[in-house]
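Worksheet for the structure shown next.
Read-outs: derived from the displayed coordinates by stated rules, not from any lab. Nothing here was measured: the structure is a model prediction, and the numbers come from that model. Here the Cβ positions follow ideal geometry from the backbone for every residue, glycine too, while neighbour counts run over all protein chains shown.
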Amino acid sequence: MIQRVQSVFLFLIVVAMVAMFFVPIWAKTNPANGQEYALTAFSLGPVTSAGAEADSTSTIFIAILAGVAALIALYEIFQYKSRLTQMKLGLLNSLVMAALMGCAFYFSSYVGEDLIKTKEQGEYLSGFYLPAVGLLMNVLANRFIKRDEDLVRSMDRLR
């Protein structure tokens with residue numbers, strides 16, 4: 001059923017993962033020349049004055065993981081007749097989002113910091129926290145799916 005609470009949480013996962021495509025994850029400014037470097041779901045590199053990125057490193061793996069997590073959550077919404085399948089998909093989605101968080105951390109902390117060698121650290125932006133929000137929503141959705149499964153099993157015992 002689409003109107004269940006866990007469906008709302010799963011839809012919020014889809015929204016958070018799609019938002020990863022459009023918001024920056026990390027940014028750092030080179031104090032020597034004032035050039036700003038930004039990490040998005042698709043690239044890591046300097047941001048030109050027009051807002052487009054030039055001479056950038058591809059970070060398409062972040063976009064792929066975010067897309068996979070969104071697709072799994074969307075598919076999980078429509079598997080409401082099989083709660084055990086939903087729980088398995090929720091576990092798989094947790095692993096994908098953990099890999100997404102690790103990938104974003106790697107590109108921002110190691111690759112991005114090596115790009116500009118300064119004493120100042122880069123700034124984590126809203127896109128960095130979206131996988132954590134998605135992971136929290138996934139935990140809540142799995143909790144409500146388990147609650148539904150326990151309710152159905154308790155009703156089967158009464159028959």
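Quick notes on this one:
- Rounded to whole numbers, the Karplus 3J(HN,Hα) couplings from phi for region 25-39 are 9, 8, 8, 8, 10, 7, x, 5, 10, x, 6, 9, 10, 9, 10 Hz, using 6.51 cos²θ - 1.76 cosθ + 1.60 with θ = phi - 60°, and x at Gly and Pro.
- Convex hull projection area averaged over all views, the chain, Cα basis, nm²: 10.1 nm²
- Virtual paramagnetic centre 7 Å along Cα→Cβ of residue 4, amide N under 15 Å, in region 76-93: 76-91
- R0 of 22 Å, Cβ-Cβ distance residue 74-residue 152: FRET efficiency to nearest 0.05: 0.40
- Cα-based convex hull volume of region 76-151 per residue, rounded to whole Å³: 82 Å³
- Region 5-158: relative contact order in percent, alpha carbon pairs under 8 Å with at least 6 residues between: 33 percent
- Computed [θ] at 222 nm, helices only, for the chain once each DSSP H run of length n ≥ 4 contributes -39500 (n - 2.57): -20000 deg cm²/dmol
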